[in-house]
Every structure is written in C-alpha cells, then in structure tokens.
Amino acid sequence: MSKKKKIHIETEEEETETPEEEATEAEEVPVAEIVEDEEEGPSELEQAQLEAKEAREEMLRMRAETDNLRKRLQKEKQDSVQFANQRLIKQLIPIFENLDRALKAPDTNVESLKEGVQLTSDQALALFKKENVEPINAVGELFDPSIHEVLSQMESNDHDENTVIEEFSKGYRMNGRVLIPSRVVIAKKPAETKTDDQDADNTSAEAPA
C-alpha cells in the first residue's frame, strides 16, 4: 500500500489593517516649521538719526577743509606781499654794487666817475626795459593830470596854454600803469599889459572938465 504524504503549506496570513490605521497613515506627517530669524531693519526714527549723524560728520569735514584752505590762502597772500619785490631787488643789487664800487675807487677822476655812472645808468635802463617800464613823455605835451603833476605855471608867449614846458623829474609807466607821474611846469597866458593909447585914454578920463 502506498502512503499518502500530507503536505502542509503554511501561508502567511496577510495582515489586515483596520480603517482607523489606514486613516492615520493617510494623514501627512507634520513638517517642523523652520523659523528664520530675520534681522529687523532700523525704524524710521533710527534711520533719520543715522542720516542726521552722517550729515553732521560731512558738514564738519567740509568745514575743516574750508578752514585749512582759508589758512593756506592767507599764508600764500602774506608770502606774496612780503616777497613781492624779491625778484626785482635781486636785479637791483648788481646795479647798486657797481655804483658803490665807482664811488669807492681810489684816485677817481671826473672822467672815470662819469663812466661808472653811465654804466650804472645803462644797467638800470636795461632792467626797466626787461620789466616793461618806460618813461613818460612830458615836455611839449599837453598837460594830462593822469600822467603829469604840476609844480608850477609859467607865463609864455611861445607855448599854448597848459603845455608842459619844463620837467623837474621824469615819470614812468609799467605795463601801461603809471608808477610815478612826471613833475612838470606848464605854460599859461601872459598877463595883459596896458598900451600907451590905453594909458592916454585913462589920463584924459581922469582930467577935470
């Protein structure tokens, strides 16, 4: 006789979920909210105070720069006034030295002294020309108060009235501007003289009738 084997197949029981569990799983898992710390900006009052502070600092900086500029300009002006003639004086020194040597030279005669003075005069004229200094014409010119200074008047029949007839000291211009006016004498009309006929008429008029 054959033996029948019993095959026992064990099947895993499928787990069944209750409706409550299914509902629970269906629900989304809550996500933790991440709160970012946002830096709060300054308030309107703080912003206004900040702008006022910056404006004040800018004003103080500009004031300091202006004050420094004013001091520098003042210093430059003082230096300009103090040393304005420095270059000219340096050019005059050699002229003075030549004149001084001529005066101190031993055994100086009139001729050598004259030559020394002439040399000094030539140097001075060369300096004048270099600096655009020119003499003012006076004698024979009509009196001009802007360039002439009247010292006296002289009667003259040979010159028109207010004509310069003599020059006491020469005047000079520099770049068109008067440095020193010419000191002059100008002509004026002679005083009227009585004629012989006028004297006779006056005598007759004074005689008793």
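When Ala138, Ala55, Ala124 are screened for being aliphatic (A, V, I, L, M) and without any contact (Cβ under 8 Å) to a residue 12 or more places away in the chain, only Ala55 passes. Within the group Val117, Val139, which residue is hydrophobic (A, V, I, L, M, F, W, C), modelled with pLDDT of 85 or more and under 46 Å from the mean Cα position of the chain (by Cα)? Of the residues listed, the single one that is hydrophobic (A, V, I, L, M, F, W, C), modelled with pLDDT of 85 or more and under 46 Å from the mean Cα position of the chain (by Cα) is Val139.
Residue-by-condition table, conditions (1) out of contact with any strand residue (DSSP E or B) (no Cβ under 9 Å at 6 or more places or on another chain); (2) under 22 Å from Glu131 (Cβ atoms); (3) modelled with pLDDT under 90:
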| position | (1), (2), (3) |
| --- | --- |
| Ile147 | no, yes, no |
| Val150 | no, no, no |
| Met154 | no, no, yes |
| His159 | no, no, yes |
| Ser169 | no, yes, yes |
| Asn175 | no, yes, yes |
| Pro181 | no, yes, no |
| Lys189 | no, no, yes |
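Residues that are of a type in the set (Asp, Glu), at pLDDT 65 or above and either in contact with an Asp or Glu (Cβ under 9 Å, 6 or more places away or on another chain) or surrounded by 10 or more Cβ atoms within 10 Å (Cβ to Cβ) (or both) within the range 25-53 comprise Glu46, Glu51, listed in sequence order. Picking from residues in the range 78-113 that are of a type in the set (A, V, I, L, M, F, W, C) and not in a helix (DSSP H, G or I), the one that is surrounded by the most Cβ atoms within 10 Å (Cβ to Cβ) is Ala105. Against the condition assigned to a helix (DSSP H, G or I) and either modelled with pLDDT of 75 or more or of a type in the set (S, T, N, Q) (or both), how does Glu20 come out, does it pass? For Glu20, the condition - assigned to a helix (DSSP H, G or I) and either modelled with pLDDT of 75 or more or of a type in the set (S, T, N, Q) (or both) - is not met.
In the range 117-129, is there at least one residue being part of a helix (DSSP H, G or I) and exposed (fewer than 10 other Cβ atoms within 10 Å of the Cβ)?
Initially, the range 117-129 is screened for residues part of a helix (DSSP H, G or I), giving 117-129.
Still in the running and exposed (fewer than 10 other Cβ atoms within 10 Å of the Cβ): none.
No, every residue in the range 117-129 fails to be part of a helix (DSSP H, G or I) and exposed (fewer than 10 other Cβ atoms within 10 Å of the Cβ).
The values are calculated or read from the model by the stated rules, or taken from the named source; none is laboratory data. Just so it is clear, the structure is predicted and the values come from calculations on it, not from any experiment. Note: ideal-geometry Cβ built from the backbone for every residue, glycine included; neighbour counts use all protein chains shown.
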